[in-house]
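Working notes, structure below.
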Amino acid sequence: MIPFKTCPVCNGEIIEKEVEKLLRGGENTASIMVKTEVCLHCGERLYSPEIIKKFDEIRLKLKSGDVKDFEPSGQFFRVAS
Ligand SMILES: [Zn+2]
């Protein structure tokens, strides 16, 4: 299940954790909770190829406005700096 024993970036210890990932496609944004391996030292997230594929599918849907499967959640704001 775990593809890495230690972090490929810093060699730190890795644990499985549920994290929130924000995805953007076009003007749309979605968040998804995924279980992934996270480095305890540098915070690097080591997503599996399956999860990355899922992210890509979601980004495509967001970009094309095909969001009927997604649950509306709050509003997205852009803040001028
Ligand atoms: Zn690390």
Low-density loop cleavage sites - trypsin sites (Lys or Arg not before Pro) in region 34-81, where at most 10 other Cβ are within 10 Å (DSSP): 68, 78
Restricting region 10-41 to GluC sites (Glu not before Pro) in coil, as DSSP defines it, with at most 15 other Cβ within 10 Å: 27
Selection from 30, 42, 62 lying farthest towards where the dipole of region 20-64 points positive, charges on Cβ: 62
Amide proton proximity set for residue 41, modelled H, under 5 Å, gap of 5+: 13
Per residue value of the accessible surface for the chain (all protein chains in place, 1.4 Å probe), Å²: 79
In sequence order, calculated HN-Hα J values of region 52-67 (Karplus, 6.51, -1.76, 1.60; Hz; x Gly/Pro): 4, 5, 5, 4, 4, 4, 5, 4, 4, 4, 4, 5, 8, x, 8, 10
Relative contact order [Cα under 8 Å, 6+ residues apart], the chain, whole percent: 26
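Tell me, what is the percent relative contact order of region 20-64, built from C-alpha pairs under 8 Å that lie six or more residues apart?
46
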Residue-by-residue Karplus 3J(HN,Hα) for region 13-28, coefficients 6.51, -1.76, 1.60, Hz, glycine and proline x: 6, 10, 10, 8, 8, 8, 10, 9, 10, 9, 10, 10, x, x, 9, 9
Rg/Rg_globular for the chain, with Rg_globular taken as 2.2 N^0.38 Å and Rg from C-alpha atoms: 1.29
Portion, in percent, of the accessible area of region 1-71 that falls on carbon or sulfur, probe 1.4 Å: 51
Eligible lysines near residue 68 by straight Cα distance, threshold 27 Å, same-chain separation 8 or greater: 21, 35, 53, 54
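The values are calculated or read from the model by the stated rules, or taken from the named source; none is laboratory data. Given the structure is predicted, the values throughout are model-derived calculations rather than measurements. All Cβ positions, even for glycine, are placed from backbone atoms using ideal geometry, and neighbour counts span all protein chains on display. SASA here: full protein model, heavy atoms, side chains in, ligands and nucleic acids out. Shrake-Rupley method; radii C 1.70, N 1.55, O 1.52, S 1.80 Å.
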